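J.: This is the structure, below, for whatever I ask next.
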Amino acid sequence: MSEDQKDDGLISVFVDDKEVRCKPGTNLVDLVASVGEEIPHYCYHPKLSVSGNCRMCLIELGMPGRDRNTGEPMLNEDGTPKIMFFPNPAIACGTKAGPGMHIRTKSEMVKRCREGVMEFLLINHPLDCPICDQAGECKLQEFSTDYGKGYSRFVEQKVVKPKRTVLGPRVMLDDERCVLCSRCIRFSKEVANDDVLGFVDRGSYSTLTCYPGKQLENNYSLNTVDICPVGALTSRDFRFKMRVWFLKETPSICTESSVGVNTLVSSREGKIYRITPRRNDEVNDTWMSDSGRVIYKEVEDENRLSSDSSSGDLAQIHKYLESEKIAYVGSGSSSVEELYLYNRLSRTTRSVANYLVAHTQEGDELLISNDANPNTRGALSVGLIESLPEDQLSDLGSKIDAGDVDTLVAYNEDLTAAGITAEQLAKVDVIYFGTNSNATSEAAAVVIPTLTVFEKDGTFINQQFRLQKFLQAIPGLSGVADDLETFSQLLNHVEPDTGDLSSVQAVWAELSSEISLFEGQSFAALSPEGVALDGSTFKHLPFCEGKTLHYEPAAETVEAEA
Amino acid sequence: MAAVERKILLKHADEDYYSPSIDSYLEQGGYEGLKKALAEKPEDLREAVKDSGLRGRGGAGFSCGIKWSLVDRKSGKPIYLICNCDESEPGTFKDRQLVHKDPHQLIEGMMISAFANDVALAFIYIREEMPLGAKILEKAIEEARAKNLVGENILGSGYSCDIVVHRGAGAYICGEETGLIESMEGKRPYPRIKPPFFPAVLGLYQCPTIVNNVETLCNVVHVVNMGVEEYTKIGRHGNTGTRIWCVSGMVKNPGYYEIEPMTMKEFLYDVCGGPLPGRKFKGCIPGGGSMKILGAEETYTDREGKSFSFDEIIVDYDGIAAAGSMSGSSGMMILDDSTDIVEALANITAFYAHESCGQCTPCREGSLWTKKITARMCTGGARPQDVDLLYDMAGNIGGRTVCPMGYSTTWPVQSYIEKFRDEFDSKAQANECGMKSFDERLIEK
Ligand SMILES: Cc1cc2nc3c(=O)[nH]c(=O)nc-3n(C[C@H](O)[C@H](O)[C@H](O)COP(=O)(O)O)c2cc1C
Ligand code: SF4
Ligand code: SF4
Ligand code: FES
């Protein structure tokens, strides 16, 4: 055994007699999943401590036998090692792969164990699937179908427990549905660092609750809803709104901060119902903030600019862009592709200066960083800016006052929030691209509505210089063109032989050849987990991010701050 | 010659001349064992305890010496010793005698065991329902400390160790050693999963920890005082020393008796006075409520195929194991022909349903379900299929749970049904109110 370990550090484990190579110590639930099979489980979660309490993952475990007296390996008649199986089943979630280990996941005993656990879990369960939000993505339903008996032998009164308990502003609990797996408790304690949940009473009367005087109100509370394997914890926002099997899931990236949390956007017929985290072990594991989950509401924001609210057109903009003194203000929430085209527009016209507006916030050291712009590094990478942005555009203000600017282009930023006064705006011709109306759009000569992150494709570069893509979840607002479409057309106005750059694919064809950082990348080939870029050329910059889940600020940055 | 008790641990406890005070204990030669031990090397003491054959008196009967040898001594972390005085197994009341009547014997046993295992801090985890015991222990520890038998530089040996009395918060599961440790850490007493949390490696505060029963630790005093050779002459091979049996139920003289191994007949008749007038023994639950019942009319077969009767069962670890049950916590409950076996089961399962910690699915749900079925069977609602249902369902609990308590439902249910099936069946047949299952009612409609 030690010999084959030398080669690649891997060992052999036998799953139902099939050899599987893995790292020593691999969790057996994960190991079996890695070969496309399943060990049903409730309490085990790859990102939480092992509690081993649901007993759904029981398997038969065997090790090569050794003679008690001599210590010699015991052999079968054919010379193969004799495997001694333990008389009692073992929990896969609490067992780590060891050399020569054998496990049975399909034996009669394992089957009986699963049937038994399923029966026990269901006897006191209210069986209210028809009115339960979890129906369709419920492990109790799935495992009953796959491993249950299919009928009930229970004729006693069920245990009655509290229904509709408000655990916090966003989470509702139905104790009768709870299978007491303790995932939510472990999450609160271990990940959210907010130890507010616990069980009271004992035996079958055990009840999940918040400690007296406490609420489940931290900004990660909705993760408990995600990991609750049943319908005990539900989101008060999503509750009773939509059956999950009607939902279309689109991979996306959260725009809350430069962490770039991977998400799934669930929609039906052009309407978004919820956002949930998408696992990425390099970025957000399986978690996301509560605040990031409501960002979809911006799609229907009351200040949303629609096609009715546009004024002017591209030809008009073209005229303004013939000016000698143009300033461009971009946004760190625009995609790499958009910023690339925006920058290109600035380079093909006479830009006196390009800006980005910094949006900083106090991060939470978990999944919200200090940089509220999801794509500051994208703006740097495409060359729109060379140094880190500031939140006040005082330089732009002085330029306006000095008469150095007469056309001011703003993209998704309200310049008045960045220190430009109404008087200053009145001195220049403002062109505004953006999703929402604000003081800047009010003052603009031309207003072109744009799309939200949910209505288009694109990429962001997060704080780790990880390039990550988001896909269009819902159709754009009727009559509003995709941002890339707008800029592509505008570029062709300014420079008629630019070609069609209205799709991310077309932009990436240029990006990968024009910018060395992006060499070899393409939108289509970019994996859902994203790819780490080499951001070392920017490492001298004093980025504002501190430590978050999978991110440590570079030593240089820390020094620069100090 | 009639079989009699052999009092070693309880030698003085109930005598008129004796009190729980340190003076009483010293008068009887108390703490000589500790003095003797302090002059020895800890590893030699550990070896002696291993050679004495002393087995744990708390339930599983694991070798005390081997348990000590498994302690992780390389971790560099402190090693803790915990005396398990949570005694709450139904039918068990021996530790209570030792604590109430002879606390210094326990303290001496703990100090020797602590010294043998390089322990600097030892605990007594005493169940909440023994407030008097806790007071007595506190006082005794004070007395011992005043005489430099506990605390700093004990008797000038350079060895220091203190004992802390920790009161439980009232739950049977606090007796399970890892549940106990969780409770001591101030948490719910949810037993821990093993692996990885073997107390010998990751016990109290994630440090190596020894958990021993009160009676086990008291025996250590006598192993040291007598020496291995003399000690192993008591009892029989593999079952050395005496055991204190707690006898309750349908027997003339219930009580606690310290004996060497003897036959069931000798024990029940000579020591406990036989059945109540006009009654016949039906069987006994030998080691606390969770153990399998032994029927009085049954014929038993040991591993070698030799058959023997109930009367011939030897009352010790191996003798009761040979009859297919376990000596457990040595709480022996006697049932006679006046006992309704289904009611007995309903009573037992009600306890385990109440005491299941609720952590793991099979024990949590299975114990309450069992309670509900047996309670219904006893109140005129039995159905013919209940017996098989009980038997089959109980088989889905034991051995599949976090801690051994799952067996506390499985073993009683299965053994009572196996041995007294006809009583269960007649209960089901006599069902008058005709309770029907939901499915059956549906079909009728
Ligand atoms: C459910 C359960 C309850 C237990 N209760 C007690 C108890 O009250 N007292 C006790 O000494 N051991 C009890 N035990 C056994 C302990 O876990 C442990 O094995 C024992 O204290 C070890 O001591 P020993 O080796 O000296 O017997 C219990 C075990 C289980 C599974
Ligand atoms: S509420 Fe859900 S996650 Fe929490 S213990 Fe119950 S079943 Fe598990
Ligand atoms: S077997 Fe019972 S008592 Fe033991 S951990 Fe599981 S639920 Fe708790
Ligand atoms: S997943 Fe292993 S015990 Fe719950």
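J.: Filter segment A:279-303 down to the residues that are open to solvent by 30 Å² or more (accessible area, probe 1.4 Å) and either touching an Asp or Glu at 6+ places or on another chain (Cβ under 9 Å) or among the small types (Gly, Ala, Ser) (or both), then identify the one that is nearest to A:THR255 (Cα to Cα).
T.: A:ILE295
J.: For segment B:160-178: of the residues being crowded, with 18+ Cβ neighbours inside 10 Å and in a loop (DSSP other than H, G, I, E, B), which is nearest to ligand 3 (Cβ to nearest atom)?
T.: Looking at residues that are crowded, with 18+ Cβ neighbours inside 10 Å and in a loop (DSSP other than H, G, I, E, B), I get B:GLU176.
J.: If I filter segment A:141-155 down to residues being small (Gly, Ala, Ser) and away from chain B (no Cβ under 11 Å), which single residue comes out as surrounded by the fewest Cβ atoms within 10 Å (Cβ to Cβ)?
T.: Only one residue tops the list, namely A:GLY150.
J.: In this structure, does B:GLY30 turn out to be within 27 Å of B:ILE173 (Cβ to Cβ) and either within 16 Å of ligand 4 (Cβ to nearest atom) or not aliphatic (A, V, I, L, M) (or both)?
T.: No.
J.: Quick one: how many residues across segment A:176-188 are within 8 Å of ligand 2 (Cβ to nearest atom) and of a type in the set (D, E, K, R)?
T.: 2
J.: With a cut-off of at least 3 residues that are within 16 Å of ligand 1 (Cβ to nearest atom) and among the small types (Gly, Ala, Ser), name the helices (runs of 4 or more DSSP H) lying wholly within segment A:124-241.
T.: none
J.: Given the conditions (1) open to solvent by 20 Å² or more (accessible area, probe 1.4 Å); (2) over 23 Å from A:CYS113 (Cβ atoms); (3) within 16 Å of ligand 1 (Cβ to nearest atom), which single one is not true for B:PRO404?
T.: (2)
J.: Among the helices (runs of 4 or more DSSP H) lying completely within segment B:23-99, list those that include at least 1 residues that are touching a Lys or Arg at 6+ places or on another chain (Cβ under 7 Å) and open to solvent by 30 Å² or more (accessible area, probe 1.4 Å).
T.: Correct list: B:64-69.
J.: Next question. I'd like to verify a number: residues in segment A:476-520 that are under 28 Å from A:ARG466 (Cβ atoms) and among the β-branched types (Val, Ile, Thr), how many?
T.: 4
J.: Mind telling me which of the residues B:GLU258, B:GLU266 ends up being in contact with an Asp or Glu (Cβ under 8 Å, 6 or more places away or on another chain), of a type in the set (D, E, K, R) and touching a residue at least 40 places away in the same chain (Cβ under 8 Å)?
T.: The unique qualifying residue is B:GLU258.
J.: Ok, one more. For segment B:208-226, name all the residues that are touching a residue at least 24 places away in the same chain (Cβ under 8 Å), open to solvent by 10 Å² or more (accessible area, probe 1.4 Å) and either within 14 Å of another protein chain (Cβ to nearest Cβ) or more than 19 Å from B:CYS85 (Cβ to Cβ) (or both).
T.: B:VAL224, B:ASN225
J.: Still on this structure, please answer the following. Of these, B:GLY289, B:GLY324, which one is at pLDDT 95 or above, on the phi > 0 side of the Ramachandran plot, assigned by TED's automatic domain parsing to the domain that holds B:ASP270 and within 23 Å of the chain's Cα centre (by Cα)?
T.: Among B:GLY289, B:GLY324, only B:GLY324 is at pLDDT 95 or above, on the phi > 0 side of the Ramachandran plot, assigned by TED's automatic domain parsing to the domain that holds B:ASP270 and within 23 Å of the chain's Cα centre (by Cα).
J.: If we keep just the residues of segment B:190-207 that are open to solvent by 30 Å² or more (accessible area, probe 1.4 Å) and under 21 Å from the mean Cα position of the chain (by Cα), which is farthest from B:SER69 (Cα to Cα)?
T.: B:TYR190
J.: Taking the options A:LEU501, A:LEU491, A:LEU484, name whichever one is outside any helix (DSSP H, G or I) and in contact with a Ser or Thr (Cβ under 7 Å, 6 or more places away or on another chain).
T.: The unique qualifying residue is A:LEU501.
J.: What's the number of the condition B:ALA322 fails, among (1) within 30 Å of B:MET111 (Cβ to Cβ); (2) surrounded by fewer than 23 Cβ atoms within 10 Å (Cβ to Cβ); (3) not basic (Lys, Arg)?
T.: B:ALA322 satisfies all of (1) within 30 Å of B:MET111 (Cβ to Cβ); (2) surrounded by fewer than 23 Cβ atoms within 10 Å (Cβ to Cβ); (3) not basic (Lys, Arg) except (1).
J.: Something else: Pull up segment A:153-189, narrow it to residues that are touching a Leu at 6+ places or on another chain (Cβ under 6 Å) and among the hydroxyl-bearing types (Ser, Thr, Tyr), then point me to the one that is farthest from A:GLN134 (Cα to Cα).
T.: Looking at residues that are touching a Leu at 6+ places or on another chain (Cβ under 6 Å) and among the hydroxyl-bearing types (Ser, Thr, Tyr), I get A:SER188.
J.: Residues being within 16 Å of ligand 3 (Cβ to nearest atom) and assigned to a helix (DSSP H, G or I): count how many of those fall in segment B:364-408.
T.: Here the count works out to 15.
J.: Within segment B:184-206, does at least one residue satisfy the condition of being of a type in the set (Val, Ile, Thr) and either within 16 Å of ligand 4 (Cβ to nearest atom) or farther than 17 Å from B:LYS50 by Cβ (or both)?
T.: Looking for residues that are of a type in the set (Val, Ile, Thr) and either within 16 Å of ligand 4 (Cβ to nearest atom) or farther than 17 Å from B:LYS50 by Cβ (or both), one finds at least one in segment B:184-206, hence yes.
J.: Quickly run through segment A:210-235 and pick out the residues that are within 14 Å of chain B (Cβ to nearest Cβ) and under 25 Å from A:THR276 (Cβ atoms).
T.: A:PRO229, A:VAL230
J.: Could you tell me which of the residues B:THR339, B:THR349, B:THR299 is within 16 Å of ligand 1 (Cβ to nearest atom), β-branched (Val, Ile, Thr) and more than 16 Å from the chain's Cα centre (by Cα)?
T.: The match here is B:THR349.
J.: Criterion first (open to solvent by 50 Å² or more (accessible area, probe 1.4 Å), touching a helix residue (DSSP H, G or I) at 6+ places or on another chain (Cβ under 8 Å) and within 22 Å of A:GLY332 (Cβ to Cβ)) does A:GLN472 satisfy it?
T.: yes
J.: Would you check which residues across segment B:179-198 are free of Cβ contacts under 8 Å to residues at least 40 places away in the same chain and either of a type outside the set (A, V, I, L, M, F, W, C) or more than 16 Å from ligand 3 (Cβ to nearest atom) (or both) and list them?
T.: Passing the criteria: B:GLU182, B:GLU185, B:GLY186, B:LYS187, B:LYS194, B:PRO195, B:PRO196.
J.: Right, here's the next one. Counting only residues that are open to solvent by 10 Å² or more (accessible area, probe 1.4 Å) and touching a His at 6+ places or on another chain (Cβ under 9 Å), which one in segment A:182-204 is nearest to ligand 4 (Cβ to nearest atom)?
T.: The residue in question is A:ARG183.
The values are calculated or read from the model by the stated rules, or taken from the named source; none is laboratory data. Note that this is a predicted model, so its numbers are computed, not measured. Positions of Cβ are generated from backbone atoms using ideal geometry, with glycine treated the same way; all protein chains shown enter the neighbour counts. Accessible surface is based on the protein model in full, side chains and every heavy atom, while ligands, DNA and RNA are left aside. Shrake-Rupley method; radii C 1.70, N 1.55, O 1.52, S 1.80 Å.
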